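Working notes for the structure below.
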Amino acid sequence: QVQLAESGGGLVKVGGSLRLSCAASGSNVGINIMAWYRQSPGKQSELVAAITRDGVPVYTDSVKGRFIISRDNAKNTVTLQMSDLKPEDTAVYYCYVDKFGTTYWGRGTQVTASS
């Protein structure tokens with residue numbers, strides 16, 4: 001069983017920045033994909049960014065050039081650095097981990113970008 005602890009959400013002005021972090025409990029053996037998803041009211045959950053164990057990132061088009069995902073395999077952490085936040089980035093952000101083919105989710109952290 002993997003427990004995911006998220007931190008870093010909050011309220012920020014449009015154009016501002018936030019940094020989300022997620023720490024996974026236990027050993028890093030078998031952890032492949034680490035990712036961030038988000039869901040806003042009335043919308044489906046969407047993949048924001050993901051990163052492989054080797055550090056290869058992928059991003060949804062709407063955040064390319066603004067968000068950076070990174071991970072530290074030794075510390076079992078994944079981080080999402082968000083810049084130039086827009087109102088449409090407002091959502092609950094969820095940490096996601098794939099370990100030996102089993103998926104785990106964090107409880108979510110609210111990100112609100114408001115003018």
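Using 0.36 nm times the number of residues separating Ser114 and Asp84, minus their current alpha carbon distance, what extension gain do you get?
Working it through step by step, the gained length comes to 9.6 nm.
Note down the magnitude of the dipole of the chain about its Cα centre, charges +1 on Lys and Arg C-beta and -1 on Asp and Glu C-beta and zero elsewhere, to the nearest 20 debye.
Once rounded to the nearest 20, the dipole reads 140 debye.
Counting other C-beta atoms within 10 Å, and keeping those with at most 10, which DSSP coil chymotrypsin sites (Phe, Trp or Tyr not before Pro) do you find in the range 39-115?
Counting only loop positions with at most 10 other Cβ atoms within 10 Å, the chymotrypsin sites (Phe, Trp or Tyr not before Pro) in the range 39-115 are Phe100.
Working out 0.36 nm times the residue gap between Ser62 and Thr102, then minus their Cα-Cα distance, what length gain in nm do you get to one decimal?
11.6 nm
Could you work out which residue, out of Lys64, Lys43, Lys75, moves most in a Gaussian network model of the chain, that is, has the largest mean-square fluctuation with Cα springs under 10 Å?
Lys43
Applying 1/(1 + (r/R0)^6) with R0 = 30 Å to the Cβ-Cβ distance of Ala5 and Thr52, what FRET efficiency is obtained, to the nearest 0.05?
The formula returns an efficiency of 0.90 here.
Across the range 47-56, in residue order, what do the Karplus-derived ³J(HN,Hα) couplings come to in whole Hz, using 6.51 cos²θ - 1.76 cosθ + 1.60 with θ = phi - 60° and x for Gly and Pro?
6, 8, 7, 9, 8, 7, 4, 7, x, 8
What figure in square angstrom, to the nearest 10, would you give for the accessible area of Glu46 with a 1.4 Å probe?
Approximately 60 Å² for this residue.
Shape of the chain from its Cα gyration tensor (a ≥ b ≥ c, root eigenvalues): rounded if a/c is under 1.5, otherwise prolate when a/b > b/c, or oblate?
Cα axes put the chain in the prolate bin.
Just to make sure I understand: if all protein chains stay in place, what is the order of Ser83, Ser115 by accessible area at 1.4 Å, largest first?
Ser115, Ser83
Tell me which lysines have Cα within less than 17 Å of Lys43's Cα, excluding those fewer than 8 residues away on the same chain?
Within reach: Lys86.
The values are calculated or read from the model by the stated rules, or taken from the named source; none is laboratory data. The shown structure was predicted, so the numbers you read here are calculated from the model rather than taken from an experiment. For neighbour counting, all protein chains shown are included, and Cβ atoms are generated from backbone atoms with ideal geometry for every residue, glycine included. For the accessible areas, the whole protein counts, side chains as well, though only heavy atoms, and no ligand, DNA or RNA atoms are used. Shrake-Rupley method; radii C 1.70, N 1.55, O 1.52, S 1.80 Å.
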